[in-house]
């Protein structure tokens, strides 16, 4: 059987306007799966969808939705009514601010919880019953190494990524014998447009056409995701990050958090912030 036989005929990719999400949508299309692309900006989504369709010949559908909105999951469900979704990739949820918790109104953190925790949980609850009924399907939820321990400037973000990791692991445990593959794909620093904008704003990059140092390539993220789809519940991307996570696991949690706090302070001091 082909990939499309196992995970098609349609995939849903959240956060698909650029970066990892757009790359996942392209990779799924290359494997013969039609794709629904979700993000906020309709014009950009239309452009990405048209390019994918032209290059691969699959059907595409672009759905503009603010995944931090209270009715986001219902909007997505309505827009995909009648489609057989066999694969779900949730890539939305990057933190563009990297600021202290008290630097923003509480609504900023609440929106992040909605986008990073509530909506992916709702979408999984909506789409995986069909996968279970068919006895086939797949889910990839993107996590972050930030979810392994608390650190400054990532208070709400790190907490949401801890949720995502444990949610993916638990969902894997429930669905692994039902033909549905679930993978929590944990990323470290990754060369995305969001990261480039953040580091440029902080004076770490001379321009947006410069790759951030020590950042994984998006292509590597995609390759490791597909290569380890059946190796759930969790896969950490990159050998260096896997080594770091192993080291983190050897430390008592209090020591680990103190280490993360000190590292963050040193990094910010080095940036002149």
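For the reader, a short list of remarks on this structure follows.
- Exclusive hit being surrounded by 15 or more Cβ atoms within 10 Å (Cβ to Cβ), within 17 Å of the chain's Cα centre (by Cα) and free of Cβ contacts under 8 Å to residues at least 24 places away in the same chain, set 73, 146: 146
- Listing of helices (runs of 4 or more DSSP H) fully contained in region 213-273 that carry 3 or more residues being out of contact with any helix residue (DSSP H, G or I) (no Cβ under 8 Å at 6 or more places or on another chain), modelled with pLDDT under 95 and surrounded by 14 or more Cβ atoms within 10 Å (Cβ to Cβ): 253-270
- Only one of 188, 184 that is under 15 Å from the mean Cα position of the chain (by Cα), at pLDDT below 95 and more than 19 Å from residue 38 (Cα to Cα): 188
- Residue within region 170-181 that is in contact with a helix residue (DSSP H, G or I) (Cβ under 7 Å, 6 or more places away or on another chain), in a loop (DSSP other than H, G, I, E, B) and crowded, with 19+ Cβ neighbours inside 10 Å present: no
- Residue match in region 96-106 (condition: surrounded by 21 or more Cβ atoms within 10 Å (Cβ to Cβ) and either under 20 Å from the mean Cα position of the chain (by Cα) or farther than 24 Å from residue 26 by Cα (or both)): no
- Test: residue in region 2-15 that is surrounded by fewer than 23 Cβ atoms within 10 Å (Cβ to Cβ), out of contact with any strand residue (DSSP E or B) (no Cβ under 8 Å at 6 or more places or on another chain) and modelled with pLDDT under 95: no
The values are calculated or read from the model by the stated rules, or taken from the named source; none is laboratory data. Predicted model, so just to flag it, every value in this text is computed and none were measured. As a convention, Cβ positions derive from the backbone with ideal geometry for all residues, glycine included, and neighbour counts pool all protein chains shown.
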